[in-house]
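To keep things clear, I will list the structure first and then write my remarks on it.
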Amino acid sequence: MKKQLIVLLFFFTCTIFSQRNSLQIGERYLEDQVYFGITYNQLFDQPAQVKESGFSYGLHLGYMKDIPLVKSGTVALAIGVGYAFDTFNHGLKVSALNNEFVFEIDPNLTSNDLKIHALEFPLEFRWRTSTANTYKFWRIYTGLKLSYNLKNTFSYTTATETFKHSNVKRFQKVQYGITLSAGYAAFNFNVYYGLTPLLKNARIGTTEISTKVLKMGLVFYLL
């Protein structure tokens, strides 16, 4: 994972410094095309007995197709496709029992995390102060983001062993949430508020697990 992070950061840095501030006369007026995001991840609506620990983060990279709604280009829609990698310290022990997954609380675990690989499909309504002569402008983008899970891996470590379970069937493969991005030029604050529980038909004893995702960080729109 460290190698993936280094490659993504290198790509982002090179693109930022190669980005032009303006168009030449006669060039086609296009808006944001590539996005790259770094987020701090949190879980909410957890069962009361579940406690989180450690740092959770996410990396997101994708392509957006901008569709202006007015001639000036200041109001637009955008649709896109991308890849997301997220990690969570989730506080649950996941065990396999009789071909079924069981969720428990175990205070003796030394580490406990979830890794998610997903395709994401953002849809945004966009307002910005851009013109055909400059790419540095204020923006407010809001919308929905749908994700399709490619792989999920729950792992936990005891004092002597590490256990790992991939593609847990109770994981919700299709999820969605609302998004908001606001900022100036390439640097923008971004938040994602999940509306779909991570798990389906999952319980700790008789308590339903309705855990959802909150992501906060920076998103960089690159031309």
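The values are calculated or read from the model by the stated rules, or taken from the named source; none is laboratory data. Remember, it's a predicted structure, so these values are computed and weren't measured experimentally. Don't worry about glycine lacking a Cβ; one is built from the backbone with ideal geometry, like all the others, and counts go over all protein chains shown. Protein only, heavy atoms only, side chains kept; ligands, DNA and RNA dropped before computing areas. Shrake-Rupley method; radii C 1.70, N 1.55, O 1.52, S 1.80 Å.
Structure summary
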read-out: Residue ID - farthest from GLN42 (Cα to Cα), chosen from residues in region 127-151 that are charged (D, E, K, R) and modelled with pLDDT of 95 or more; value: LYS151
read-out: Of all residues in region 134-173 being part of a loop (DSSP other than H, G, I, E, B) and open to solvent by 90 Å² or more (accessible area, probe 1.4 Å), the one that is farthest from LEU198 (Cα to Cα); value: LYS136
read-out: Among (1) of a type outside the set (D, E, K, R); (2) without any contact (Cβ under 8 Å) to a residue 12 or more places away in the chain; (3) surrounded by 14 or more Cβ atoms within 10 Å (Cβ to Cβ), the one test that SER130 misses; value: (2)
read-out: Region 174-184 - residue that is farther than 16 Å from HIS117 by Cα and not aliphatic (A, V, I, L, M) and, of those, surrounded by the most Cβ atoms within 10 Å (Cβ to Cβ); value: SER181
read-out: Any pair with Cβ under 6 angstrom, 6 or more apart, that starts in region 162-175 at a residue that is under 21 Å from ARG203 (Cβ atoms) and charged (D, E, K, R) and ends at one that is open to solvent by 80 Å² or more (accessible area, probe 1.4 Å) and outside any strand (DSSP E or B); value: ARG170/LYS200
read-out: Failed item in (1) within 18 Å of VAL34 (Cβ to Cβ); (2) surrounded by 13 or more Cβ atoms within 10 Å (Cβ to Cβ); (3) not charged (D, E, K, R), with PHE187 passing the rest; value: (2)
read-out: Count of residues meeting criterion [among the aromatic types (Phe, Trp, Tyr) and not in a strand (DSSP E or B)] in region 181-208; value: 0
read-out: Qualifying residue in region 89-110 (condition: closer than 16 Å to ASP32 by Cβ and either open to solvent by 40 Å² or more (accessible area, probe 1.4 Å) or within 24 Å of the chain's Cα centre (by Cα) (or both)); value: no
read-out: Those residues of region 209-223 which are part of a loop (DSSP other than H, G, I, E, B) and within 14 Å of THR196 (Cα to Cα), in sequence order; value: ILE209, SER210, THR211
read-out: When residues of region 190-205 are limited to those that are open to solvent by less than 80 Å² (accessible area, probe 1.4 Å) and hydroxyl-bearing (Ser, Thr, Tyr), the one farthest from the chain's Cα centre (by Cα); value: THR196
read-out: Flag if ARG139 is closer than 17 Å to LEU114 by Cβ, touching a residue at least 60 places away in the same chain (Cβ under 8 Å) and of a type outside the set (Ser, Thr, Tyr); value: no
read-out: Filter pass, ASP113 being under 22 Å from the mean Cα position of the chain (by Cα) and of a type outside the set (S, T, N, Q); value: yes
